[in-house]
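The next block holds one structure in the form of structure tokens; read it before the comments.
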Amino acid sequence: MPIVAKSYDLIDEVSPVRQRRVATPIKALQVVPARHPWRWAGSIFAALVLLAIVHSLATNPRWEWGVFGQWFFSASVLRGLGQTLLLTLLSTVFSILFGTALALARLSGSPLLAALAWGYIWFFRSMPALLVLIILYNFAYLYDHIVLGVPFTRVVFAEWSTVDVLSQFTVAVLGLSLMQAAYAAEIIRGGLIGVDSGQHEAAAALGLPASRRIFRIILPQALRSILPSGFNEIIGLVKGTSIVYVLALPELFYTVQVIYNRTQAVIPLLVVATVWYLIITTVLTSAQYYVERHFARGTARVLPPTPLQRLRGWLKEKTHG
């Protein structure tokens, strides 16, 4: 705790005859704690605002907490929640895989691969997600069938109806993955070029293949800078899944809309969706903390304690203190 000394260890006393230095005893010092009036004022103001919000939520009947409790664990809402989680999981996996390939293509020595990867990233970062989903959903208007074969020949290995392949769920996963891959590619590329060039040179001097250098030496180090931005994109993707309501896909937000259009309980149902989104993002934020902590082991001898370890230490101190 900061202290303010009211006197000094040594003082000068001037007499008519001579100047002499006299040591002041330590016990004579008056120690006064540093005061922070504005800090206390800000804390009190914040507490009053928080209490006012809690009081409003608890006493305003228009929040209709009974309706909120009725629908929060309802089967339809949980099914919509499951769709949201599945969309997030699949889109995250596909976007990371495709984004990694795009990042490596941009860093490759092939001008064609680098140009194609740059063009893809430029195009999808310029497009609104809503527009991409609507175009994909109407893709059957342009092409009746999806054909797998040898280009520019009549050799066909397989053929599917576009309407059958591009269902609502497929369009949602494909659209979100294509959009997210463009952002993931830039995040991964930034992490890779952020690794010290000496690491690249040392790995090359060992005679390791390029793929082994990337995935065993460079990428693990790059993950320390990739993870914060990467998790931020995943959290954004969780909220971004709500945009697929335009496809009438029954994910969480669309399900809530259907229910409040039928019951007219708009606010309680929106609060249901809000709380579920908060829970999902809280779980992802906690996962981000521990994943980043895992990859930080090589940068610090002693890692700072986790919140749970701090709580245990505090309880132990209070118990034995």
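Is it the case, given these coordinates, that Glu233 is open to solvent by 30 Å² or more (accessible area, probe 1.4 Å) and more than 25 Å from Ile135 (Cβ to Cβ)? Step through it out loud before you land on a result.
Details: open to solvent by 30 Å² or more (accessible area, probe 1.4 Å): yes; more than 25 Å from Ile135 (Cβ to Cβ): no.
It is false that Glu233 is open to solvent by 30 Å² or more (accessible area, probe 1.4 Å) and more than 25 Å from Ile135 (Cβ to Cβ).
Results for (1) open to solvent by 20 Å² or more (accessible area, probe 1.4 Å); (2) more than 17 Å from Arg106 (Cα to Cα); (3) in contact (Cβ under 8 Å) with a residue 12 or more places away in the chain; (4) in a helix (DSSP H, G or I), shown as yes or no for each residue.
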residue	(1), (2), (3), (4)
Ala172	no, yes, yes, yes
Gly175	no, yes, yes, yes
Gln180	yes, no, yes, yes
His200	yes, no, yes, yes
Gly207	yes, yes, no, no
Phe215	yes, no, no, yes
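Residue-wise test of (1) free of Cβ contacts under 8 Å to residues at least 12 places away in the same chain; (2) open to solvent by less than 80 Å² (accessible area, probe 1.4 Å); (3) among the aliphatic types (A, V, I, L, M).
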residue: Trp71; (1), (2), (3): no, yes, no
residue: Ser76; (1), (2), (3): no, yes, no
residue: Gln83; (1), (2), (3): no, yes, no
residue: Val93; (1), (2), (3): yes, yes, yes
residue: Leu113; (1), (2), (3): yes, no, yes
residue: Gly119; (1), (2), (3): yes, yes, no
residue: Pro128; (1), (2), (3): yes, yes, no
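State yes or no: is Ser225 without any contact (Cβ under 8 Å) to a residue 24 or more places away in the chain, within 30 Å of Ala101 (Cβ to Cβ), in a helix (DSSP H, G or I) and out of contact with any Asp or Glu (no Cβ under 8 Å at 6 or more places or on another chain)?
Values: without any contact (Cβ under 8 Å) to a residue 24 or more places away in the chain: no; within 30 Å of Ala101 (Cβ to Cβ): yes; in a helix (DSSP H, G or I): yes; out of contact with any Asp or Glu (no Cβ under 8 Å at 6 or more places or on another chain): yes.
No; evaluated as a whole, the condition is false for this residue.
Checking the condition at pLDDT 90 or above, surrounded by 11 or more Cβ atoms within 10 Å (Cβ to Cβ) and more than 30 Å from Pro61 (Cβ to Cβ), which residue from Val238, Val291 passes? Explain how you work it out, then say what you get.
On the way: Val291 fails: at pLDDT 90 or above.
On inspection, the qualifying residue turns out to be Val238.
Can you find a residue in the stretch 138-160 that is within 21 Å of Leu90 (Cβ to Cβ), among the hydrophobic types (A, V, I, L, M, F, W, C) and open to solvent by 80 Å² or more (accessible area, probe 1.4 Å)?
First, the residues of the stretch 138-160 that are within 21 Å of Leu90 (Cβ to Cβ): 139, 146, 160.
With the extra rule that they be among the hydrophobic types (A, V, I, L, M, F, W, C), the set shrinks to 139, 146, 160.
When the remaining residues are screened for being open to solvent by 80 Å² or more (accessible area, probe 1.4 Å), the result is 160.
Looking through the stretch 138-160, at least one residue is within 21 Å of Leu90 (Cβ to Cβ), among the hydrophobic types (A, V, I, L, M, F, W, C) and open to solvent by 80 Å² or more (accessible area, probe 1.4 Å).
I need the full set of residues from the stretch 31-53 which are in a loop (DSSP other than H, G, I, E, B) and open to solvent by 60 Å² or more (accessible area, probe 1.4 Å), in order please. If you could, list the steps in order and put the result at the bottom.
If we filter the stretch 31-53 for residues that are in a loop (DSSP other than H, G, I, E, B), which is where we start, we get 34-36.
Answer for the stretch 31-53, where residues must be in a loop (DSSP other than H, G, I, E, B) and open to solvent by 60 Å² or more (accessible area, probe 1.4 Å): Arg35, His36.
The values are calculated or read from the model by the stated rules, or taken from the named source; none is laboratory data. Because the structure is predicted, anything quoted here is derived from the model rather than measured. Ideal geometry is used to build each Cβ from the backbone, glycine not excepted, and the neighbour counts take in all protein chains shown. These accessible areas exclude ligands, DNA and RNA; they are computed on the full protein's heavy atoms, side chains included. Shrake-Rupley method; radii C 1.70, N 1.55, O 1.52, S 1.80 Å.
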